[in-house]
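Engineer: The structure that follows is given in the form of structure tokens.
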Amino acid sequence: MTAQDWISTGHLPSPEVVQELVAEAHRRFQPVTEGRVADYIPALAAAPPERFGLCVAGCGGPLFEAGESRVPFSIQSLSKPFMFALICQAIGEEEARDKLGVNSTGLPFNSVLAVERSGEGLSNPMVNAGAIAATSLAPGASLARKWAFIQDGFSRFAGRPLEIDRPVYDSEAATNRRNVGIATLLSDHQRLWWDPEEATDLYTRQCALSVTAADLAVMAATLANGGRQPVTGEQVIDPSHCQHVLAVMVTAGLYETSGDWLYATGLPGKSGVSGGLITVAPGKGGLATYSPPLDEAGNSVRGQLTARFLSARLGLNLFASTPDAVR
Ligand code: GLN
């Protein structure tokens, strides 16, 4: 038996079916008007609420797109799983777990209480505290070296060089004192591995990287594909790390509403405050949506509706089964 025999996933439906369902999801959810565009980072507040794009990337490489799938926006919290993946690759998944934690906080993404409550300063890498701690572990003995590691790693996931959205970076850097506070508290618990101000700056740059839904779909598909980028063919991280990254996404990818998300989709997902949402179907592919209006927990409203619809119609739910044939 090879390792392959132990992998319990199938394939996407035919390309025609996937394209039609992607187009249908766009038609269905474009008219939705619920949710509010985030404004605590001033540069994000101007995003048009009607903006909506989606893309499915199969593990075999094809892209299926609808709407504004090539409109750039800042990656924000969607950077968290990829940063965690790069850190698992750099220091190993056990050390990454010991240093960052992998349990749900049940609290909002920017919670300070999440750091204090465990007594050890542990949270998980999908919320700001664990994510800033993960960023502080980036290899390199200087800010510049660490940033080069991060930018290069993200670019390898995307399959093209990613750049910072300057206005978003400047806007968040001018207003991110809460994240500096979280980093300082982590440092006090010996849970930060770099200077708090610089670690927060690196995290803020990472969150300001500019991507499209098409980029994110391919990045998500890399996590669905044992760490191999489906378009460039590059092995970005080892297969064993992917399953750990996906496990943490299931636990906390949509913060305190991760349970509702899992109940609806049965898949690992991650949301971001600029309106992005990624969903990973292991062995099959990645889905990314971009739609700025968010629910109370900071998750894209149209994105969640799309993921729920496509999970069901593309047969992606990891928990779905049908009875075995009668023997
Ligand atoms: N950069 C944002 C922050 O730290 C990311 C949060 C998010 O996307 N939920 O506040």
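Engineer: Please go through region 9-45 and pick out each residue that is among the polar types (S, T, N, Q) and either surrounded by 13 or more Cβ atoms within 10 Å (Cβ to Cβ) or not in a loop (DSSP other than H, G, I, E, B) (or both).
Structural biologist: Gln19, Gln30
Engineer: Give just the number: which of (1) charged (D, E, K, R); (2) within 16 Å of the ligand (Cβ to nearest atom); (3) farther than 29 Å from Ala288 by Cα does Arg205 not satisfy?
Structural biologist: Going through (1) charged (D, E, K, R); (2) within 16 Å of the ligand (Cβ to nearest atom); (3) farther than 29 Å from Ala288 by Cα one by one, Arg205 breaks only (3).
Engineer: If you don't mind, another one. Considering only region 230-249, state which residues are out of contact with any Phe, Trp or Tyr (no Cβ under 6 Å at 6 or more places or on another chain), farther than 15 Å from Gly130 by Cβ and not small (Gly, Ala, Ser).
Structural biologist: Pro230, Val231, Thr232, Glu234, Gln235, Ile237, Asp238, Pro239, His241, Cys242, Gln243, Leu246
To keep it simple, each residue is scored yes or no on (1) surrounded by fewer than 17 Cβ atoms within 10 Å (Cβ to Cβ); (2) of a type in the set (D, E, K, R); (3) within 12 Å of the ligand (Cβ to nearest atom).
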| site | (1), (2), (3) |
| --- | --- |
| Ile132 | no, no, yes |
| Gly153 | no, no, no |
| Asp165 | no, yes, yes |
| Tyr169 | no, no, yes |
| Glu172 | no, yes, yes |
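Engineer: Further, regarding this structure: Do we find a residue being more than 16 Å from the ligand (Cβ to nearest atom), touching a strand residue (DSSP E or B) at 6+ places or on another chain (Cβ under 8 Å) and in contact (Cβ under 8 Å) with a residue 40 or more places away in the chain anywhere in region 39-50?
Structural biologist: Looking for residues that are more than 16 Å from the ligand (Cβ to nearest atom), touching a strand residue (DSSP E or B) at 6+ places or on another chain (Cβ under 8 Å) and in contact (Cβ under 8 Å) with a residue 40 or more places away in the chain, one finds none in region 39-50, hence no.
Engineer: A further question on this structure: Among the residues of region 262-278, count how many are of a type in the set (Phe, Trp, Tyr) and surrounded by 24 or more Cβ atoms within 10 Å (Cβ to Cβ).
Structural biologist: Going through region 262-278 one residue at a time, the tally reaches 0.
Engineer: Let me ask something else. Answer yes or no: is there a residue in region 51-59 that is part of a loop (DSSP other than H, G, I, E, B), within 22 Å of Arg302 (Cβ to Cβ) and over 19 Å from the mean Cα position of the chain (by Cα).
Structural biologist: Yes: region 51-59 contains one or more residues that are part of a loop (DSSP other than H, G, I, E, B), within 22 Å of Arg302 (Cβ to Cβ) and over 19 Å from the mean Cα position of the chain (by Cα).
Engineer: Could you tell me whether Arg302 is surrounded by fewer than 20 Cβ atoms within 10 Å (Cβ to Cβ), touching a strand residue (DSSP E or B) at 6+ places or on another chain (Cβ under 9 Å) and modelled with pLDDT of 95 or more?
Structural biologist: No: the conditions fail for Arg302.
The values are calculated or read from the model by the stated rules, or taken from the named source; none is laboratory data. Just so it is clear, the structure is predicted and the values come from calculations on it, not from any experiment. Note that each Cβ is placed from the backbone with ideal geometry, even for glycine, and that neighbours are counted across all protein chains shown.
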